[in-house]
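Let me begin by presenting the structure, written as structure tokens, before commenting on it.
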Amino acid sequence: MASGDWKETAFLAGAVLIFLTFDVTLVLFAMGWFKPKNHFPVDGRTVLVTGASQGMGRAAVKLLAQKGANVVIVSRNASKMEAVVEEMKRTAMKPQIQRFHYISADLAKNEESIRVVEEVTQWNNGEPPDIVWTIAGAAHPSLFIDVDAEVLREQMDTNYWTAAYLGHAILRSWLKPFSKLSESERKAAGNAPIPRQFIMTSSVAAFAGLAGYAPYAPTKAAMRCLADCLRSELNLYNGARRGTNSSVVATAPVADVKIRCVFPGCILSPGFENESRLKHPITKILEDADIQQTEEEAAKASIKELEGGAYFATTQIIGSAMRAGSLQGSPRNSLIVDTLFGWLANLLWLFIAPDMERKAWKYGKTHGVTKGEPGK
């Protein structure tokens, strides 16, 4: 065989092999062989969600009901929660099996968070909820010195402490050592439990400080830091479950626990109109390019990210870029993608950050610090 014939034959054989491999891969993918793992399974599990009487929380629990979850919602408005429970019952995947419940509570108080965990556990046949997702929160945008000091505390209470207190209560329940569980608690936990999950809802405001968000953004940044701290701590408990001797395993909880955090952007929720009235004009200018999402879009994107395994879950491309550019020591959702995306985001910030600084400076030079509309 001539040299040219050999090369041509090898080329054709390689092309056929690639073609067959591609075809087989497509067939196996269609058969579900490469179906990605769902890191947020809720079918048949009990999920506790705060702030679910309206906004993204309400949209999220409806989706969870459609996916087969038993859902408990917590808010201060009982009448609104009653309506949400009825909606979940109508749209549930398994209406004859799934259960729904609501609890009225002010989670800015630690004792209320403890009560909620106890009540849910009792309602759930002695077993704590499998997943806790804190969505409760509200924004009070304003220049820092234009609000009373009480507003700063209220923002921290509403956004940070409602999540931190509930996280403290549920983790104390979940992380109880196996050796200290009663027989009924061990039985309720099962033999091979799926990891439990504590999810907080922060905001893309945690990734970049903007003029007019000083009362709000730090509360969300604190939540992001709490997620990192808790994730690191949980390595102790999750590692103990894989100990090499019984005395170590006895100190571990019955199931792994995961910490995750969601970072939505601008959501067209009931509070959006009020927030817009409070915003200083420079805040509106600086966030002019933000993508606005409906409650349903934000909830759907959040759940999709959680199902995909994201530790820091974002709901739109701008938020993803901000997340990738500010990860520092936080875990990556994808080592390669987040590293490359982070390099690109940091490069873009070399141009975006100075531009935002100039806009604020220019507005002050032209209009002073007036709250009036630009140019008026």
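Compute the distance from the alpha-carbon center of region 115-170 to that of region 305-340, in whole Å.
So the two Cα centres are separated by 24 Å.
Need one number: nm distance between label points at LEU268 and ASP355, each 7 Å from Cα along Cα→Cβ, rounded to one decimal.
2.5
Given the options ALA92, VAL249, LEU268, identify the residue whose Cα lies farthest towards the positive end of the charge dipole of the chain (+1 on Cβ of Lys, Arg; -1 on Cβ of Asp, Glu).
VAL249
For Cα pairs less than 8 Å apart in space and 6+ apart in sequence, what is the mean separation divided by the residue count of region 261-311, i.e. the relative contact order in percent?
So the answer I get is 56 percent.
Which value, in debye to the nearest 20, gives the size of the charge dipole of region 266-376 about its Cα centre, when Lys and Arg are +1 and Asp and Glu are -1 at the Cβ?
The calculation lands at about 540 debye.
Return the equivalent ellipsoid semi-axes of region 195-238 as a descending list in whole Å, where each equals the square root of 5 times an eigenvalue of the C-alpha gyration tensor.
Over the Cα atoms of region 195-238, the semi-axes work out to 26, 9, 6 Å.
List residues of region 105-144, by number, whose backbone nitrogen lies under 15 Å from a label position 7 Å along Cα→C-beta of LYS176.
Only 114-130 fall inside the zone, counting backbone N under 15 Å.
Can you find, among ALA149, GLY126, TYR213, the residue sitting farthest towards the positive end of the charge dipole of the chain, where Lys and Arg contribute +1 and Asp and Glu -1 at Cβ?
Of the options given, the answer is GLY126.
State the percent of C-alpha pairs, over all pairs in region 334-376, separated by a distance greater than 14 angstrom.
Everything past 14 Å amounts to 63 percent.
Please state the charge dipole magnitude for the chain, taken about the Cα centre, from unit charges on C-beta atoms (+1 on K and R, -1 on D and E), reported in debye and rounded to the nearest 20.
Once rounded to the nearest 20, the dipole reads 400 debye.
Which of ASN159, PRO195, MET356 sits closest to the plus end of the dipole of the chain, meaning its Cα is farthest towards the positive end, when Lys and Arg get +1 and Asp and Glu get -1 on the C-beta?
Result: PRO195, furthest along the dipole toward the positive end.
Normalised by the residues of the chain, what does the relative contact order come to in percent, with Cα pairs under 8 Å and at least six apart?
In percent, rounded to a whole number, it is 15.
Read-outs throughout are calculated quantities, based only on the coordinates presented, and are distinct from any laboratory measurement. Here the structure is a predicted model, which is why all the values come from computation and not from measurement. Cβ: placed from backbone, ideal geometry, glycine included. Neighbour counts: every protein chain shown.
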